[in-house]
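Nothing in this text is a laboratory measurement; each read-out follows from the coordinates by a stated rule. All of these numbers come straight from a predicted model, not from anything done at the bench. So basically every Cβ, Gly included, is an ideal-geometry build from the backbone, and we count neighbours across all protein chains shown.
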């Protein structure tokens with residue numbers, strides 16, 4: 001039974017690990033700063049002005 | 001302890017459905033406050049500009065909301081792929097994989113502020129609430145098209161002279177930015193009022209339509225428009241936290257299908273693309289055949305047949 005549970009959750013675990021690895025790569029490439037630079041200023045497009 | 005159990009499960013089996021749904025709304029409200037906890041912004045008309053803004057929140061929560069402490073993943077995705085330096089966002093896509101692999105569209109049911117707004121709007125009484133209509137099912141596919149065109153392709157390819165793409169979904173469609181950012185910021189800043197034009201009126205119209213439709217139809221934005229829901233839906237059947245149906249217990253009474261406001265049939269597929277994990281089917285089941293969690297296993301039709 002335990003093996004079945006492990007197998008059924010393997011896909012979830014792989015996707016979770018891919019997600020963590022991609023986030024790490026993204027932060028390393030400086031994408032988080034791009035997000036912050038966009039988010040700390042009022043997004044004129046989002047509020048219907050720009 | 002008994003009072004807590006009574007609060008969670010209701011006084012009787014009949015109360016359980018309502019009590020659990022109220023509990024979900026309390027959690028949604030709590031999360032709404034957590035993600036919009038920069039209260040000073042609502043006084044000053046300025047947005048939070050601290051380092052937390054580089055972190056994404058799981059649901060649709062515009063980063064131009066005066067209270068927002070984090071970033072909307074859809075806005076963040078468009079910002080990165082529309083940037084001249086990056087044409088793919090490992091950071092935001094990784095975040096979506098991470099959250100999707102954990103709870104799938106559970107985000108829509110529990111962690112999305114705009115989901116809560118629509119839930120509350122649908123509680124407003126109306127002469128005739130519409131559950132489904134002729135074009136309901138085909139229209140559900142529209143959110144995938146919107147994701148592809150407005151969130152990915154347009155910001156990627158429709159760029160200006162320096163290679164910068166605009167966040168076209170936020171600009172042309174998203175009513176969340178209008179509700180959370182557009183209205184309060186324009187209300188509080190006289191300088192912004194002067195810049196209001198056609199786009200503001202267009203987005204205001206979309207917001208008004210979304211509000212009116214939310215009273216009549218359950219979560220129209222989530223069903224037909226939301227690109228974030230479209231992404232998370234792909235993880236519904238593979239996420240850690242998912243539903244399982246015990247076909248041995250199921251008596252096929254149809255209550256789960258009847259109570260589902262997203263029009264899913266848990267007996268056919270309890271992790272349907274449209275399922276927002278609100279738990280109504282689980283709470284309505286008279287024999288507790290539907291379970292949720294990390295370690296539950298499906299007792300499939302095949303297993304039941306084999307045992308028979």
Please identify, among B:19, B:201, B:79, the residue showing maximal mean-square fluctuation in a Gaussian network model of chain B using a 10 angstrom Cα cutoff. B:201
Hey, any idea what the orientation-averaged projected area of the convex hull of the range B:50-113's Cα atoms comes to, in nm²? 4.6 nm²
Over chain B, what is the percentage of antiparallel beta bridges among all DSSP beta bridges, to the nearest 5? 60 percent
I need the fraction of alpha carbon pairs in the range B:14-145 separated by more than 18 Å, rounded to a whole percent. 66 percent
Exposure proxy check: B:253, B:65 ranked by fewest other beta carbons within 10 Å? B:253, B:65
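Indicate, rounded to the nearest 5 percent, the antiparallel portion of the DSSP beta bridges found entirely in the protein assembly as shown.
On the way: 5 of 8 bridges.
That works out to approximately 60 percent antiparallel.
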Chain B, Gaussian network, Cα under 10 Å: of B:273, B:172, B:147, the residue fluctuating most is B:172
Chain B: calculated mean residue ellipticity at 222 nm from DSSP helix runs of at least 4, using -39500 (n - 2.57): -13000 deg cm²/dmol
Just from its helices, what would the mean residue ellipticity at 222 nm be for chain A, if runs of 4 or more DSSP H residues each count -39500 (n - 2.57) and the sum is divided by every residue, rounded to the nearest 500 deg cm²/dmol? -21500 deg cm²/dmol
Footprinting proxy, B:30, B:97, B:198, B:114: sorted fewest to most Cβ within 10 Å, the residues are B:198, B:30, B:97, B:114
Fluctuation leader among B:169, B:27, B:235 - chain B, Gaussian network, Cα springs under 10 angstrom: B:27
Distance (nanometres) between label positions extended 7 Å along Cα→Cβ at residue B:43 and residue B:22: 3.3 nm
The simple spin-label model distance between residue B:251 and residue B:34, using points 7 Å out along Cα→Cβ, in nm, is 3.7 nm
Please state, rounded to one decimal and in Å, the Kirkwood hydrodynamic radius that the protein assembly as shown gives when every pair of distinct Cα atoms enters the mean of 1/r. 21.5 Å
Taking each residue in B:172-183, count the Cβ atoms of any other chain within 10 Å of its Cβ, then average. What number comes out? 3
Along the Cα-to-C-beta direction of residue B:205, a point sits 7 Å from the Cα; which residues of the range A:29-50 have their amide N less than 16 Å from that point? A:48-49
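Enter the mean number of other protein chain beta carbons within 10 Å of the beta carbon of each residue in B:282-292, as an integer. Present the calculation step by step, with values, prior to reporting the outcome.
Details: counts 0, 0, 0, 0, 0, 0, 0, 0, 0, 0, 0.
Shielding by partners across B:282-292 averages 0.
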Give the average, rounded to an integer, of partner chain Cβ atoms located within 10 angstrom of each Cβ in B:55-61. 1
FRET efficiency for residue B:234 and residue B:88 from the Cβ-Cβ distance with R0 = 22 Å, rounded to 0.05, comes out at 0.80
In what sequence do B:128, B:123, B:249 fall when counting other Cβ within 10 Å, fewest first? B:128, B:123, B:249
